[in-house]
1. Would you tally the residues in segment 384-396 being within 23 Å of G58 (Cβ to Cβ) and free of Cβ contacts under 8 Å to residues at least 24 places away in the same chain?
2. For residues in segment 156-199 being without any contact (Cβ under 8 Å) to a residue 60 or more places away in the chain and part of a loop (DSSP other than H, G, I, E, B), which is nearest to G292 (Cα to Cα)?
3. Please state which of the following conditions G333 fails to meet, knowing it meets all the rest: (1) touching a residue at least 12 places away in the same chain (Cβ under 8 Å); (2) outside any helix (DSSP H, G or I); (3) farther than 28 Å from S161 by Cβ.
4. Of A403, A339, which residue is open to solvent by less than 10 Å² (accessible area, probe 1.4 Å), among the small types (G, A, S) and either closer than 25 Å to A274 by Cβ or out of contact with any Leu (no Cβ under 9 Å at 6 or more places or on another chain) (or both)?
5. For A303, all conditions in the list (1) at pLDDT 80 or above; (2) among the aliphatic types (A, V, I, L, M); (3) surrounded by fewer than 18 Cβ atoms within 10 Å (Cβ to Cβ) hold save one; what is the number of the exception?
6. So is A274 in contact with a Pro (Cβ under 8 Å, 6 or more places away or on another chain), surrounded by fewer than 17 Cβ atoms within 10 Å (Cβ to Cβ), closer than 19 Å to A339 by Cβ and modelled with pLDDT of 80 or more or not?
7. Given the conditions (1) in contact with a helix residue (DSSP H, G or I) (Cβ under 6 Å, 6 or more places away or on another chain); (2) under 25 Å from G265 (Cβ atoms), which single one is not true for G397?
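The values are calculated or read from the model by the stated rules, or taken from the named source; none is laboratory data. All values derive from a computational prediction rather than experimental measurement. Cβ atoms come from the backbone with ideal geometry, glycine included; neighbour counts cover every protein chain shown. Ligands, DNA and RNA are excluded from the accessible area calculation, which covers all protein heavy atoms including side chains. Shrake-Rupley method; radii C 1.70, N 1.55, O 1.52, S 1.80 Å.
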Amino acid sequence: MMSLMAGKETETATPTTARTAAPERSPVTATRAWAARLVVVGIVLSAVNLRPAITSLGALLAEVRDGLGMSGSVAGLLTSVPPLCFAVFGVMAPRLARRFGPAAVVCAGMAAVTAGLLIRPYAGSTAGFLAGSALALMGIAVSNVLMPVIVKRWFPDRVGSMTGLYSMALAAGTSVAAAVTVPLADALGGSWQTGLAVWAGLAAVAVLPWVPLVRDRGTAPAPEAEAPARTERQQPALRITRSRTAWALAVFFGLQATAAYITMGWMAQIFRDAGVSASTAGLLLAVTMVMGVPLAFVIPRVATRLPHQGPIVIALGVCGLAGYAGLYLAPAGGAWAWAVLLGVSNCAFPLALTMVGMRARTGAGVAQLSAFAQSTGYLISIPGPLLVGVLYQHSGGWGLPIALMVGLMIPQMAVGVLAGRDRIVEDEAAASA
């Protein structure tokens with residue numbers, strides 16, 4: 001808009017100059033429009049690849065254990081590796097983005113996912129399998145952190161809709177990988193190695209849109225953003241730990257991730273112990289994950305239109321509490337209803353991503369907030385699924401584990417309301433200093 005107004009002013013004052021300059025601006029505008037379309041494709045394809053490395057392994061975990069001779073404790077460790085890698089490697093993302101540019105880092109991240117998924121099935125040992133998994137998860141971790149940054153920088157006026165698109169693609173990739181990995185393995189000869197390696201092909205496709213953007217290290221696609229970008233680079237580093245909103249968002253992210261990992265890891269077993277068949281329990285889990293596809297697109301759009309996201313946090317939390325109550329009182333009788341309610345509750349993830357983009361003013365602030373909230377949050381989420389397994393083993397039932405889930409949902413709602421307030425982390429950090 002500013003460049004359009006400037007063009008009109010120039011045309012009034014010096015018509016000849018304006019007519020001469022117009023053809024020079026047109027290719028730039030066309031190039032940026034083309035780049036923006038590439039970014040959209042890259043965001044969608046990358047989001048689709050952020051979870052198949054995890055859910056495809058869950059579908060074939062028994063076969064992997066038998067094939068590699070894994071002990072039960074090592075197999076249990078595999079379930080804790082994803083959040084650990086997300087926490088450890090996600091911290092590096094902002095520094096890498098400042099040096100190489102967000103697009104280049106995401107491109108490298110997708111290449112790492114491709115290599116890791118291709119290496120791990122054929123490594124031939126447990127150590128090699130873990131190393132390949134860690135490589136793939138490293139690529140996922142940096143991409144996790146930088147997706148909100150790229151959305152904020154390229155689409156600052158469409159944070160809600162673009163975050164919704166990204167979250168919807170992530171949910172679709174999660175559910176599809178869980179549903180089709182076993183049939184794919186059977187169709188490709190019954191080999192678990194092939195069933196896992198096939199997802200490397202999808203990850204390789206996600207590398208392609210980012211390749212033309214690797215050299216782009218700017219903070220926004222429009223020329224009018226260059227002056228704010230220079231100002232942003234001149235500002236002192238943000239002390240993110242001095243912001244109460246950043247801490248609230250990190251804890252909220254961690255508790256919602258805990259609930260999601262518990263659901264993905266244990267919900268099917270709860271239904272099976274209640275007398276539901278294995279195939280039906282798998283379908284129920286698929287329903288829970290599929291709920292995130294439409295809602296992940298709707299919730300961020302609604303969230304950006306509200307001055308306070310607390311009501312959405314409360315609504316999602318109430319759905320979670322109702323689902324847990326149903327699992328305790330009548331797990332088999334109302335199984336489909338509980339699956340739907342827990343699927344709605346797990347949509348706290350796209351809400352958390354949306355709030356990351358809303359709670360910081362600058363691109364650098366979004367990068368730091370995203371890295372802090374996700375790294376801290378994933379660290380918080382590590383013990384949850386393990387603790388559920390311990391309680392289940394020692395109590396012999398699901399009463400105590402479900403009580404733990406309910407107990408974690410209450411603080412999740414409380415910190416989510418705090419994170420949903422209309423605050424800016426840069427302002428809070430400056431005020432505390």
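1. Looking only at that region, the number is 4.
2. R158
3. (1)
4. A339
5. Only one criterion is unmet by A303, namely (3).
6. yes
7. (1)
Okay, residues lined up against (1) open to solvent by less than 10 Å² (accessible area, probe 1.4 Å); (2) within 22 Å of the chain's Cα centre (by Cα):
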{"position": "A246", "(1), (2)": "yes, yes"}
{"position": "M264", "(1), (2)": "no, yes"}
{"position": "M267", "(1), (2)": "yes, yes"}
{"position": "G323", "(1), (2)": "yes, no"}
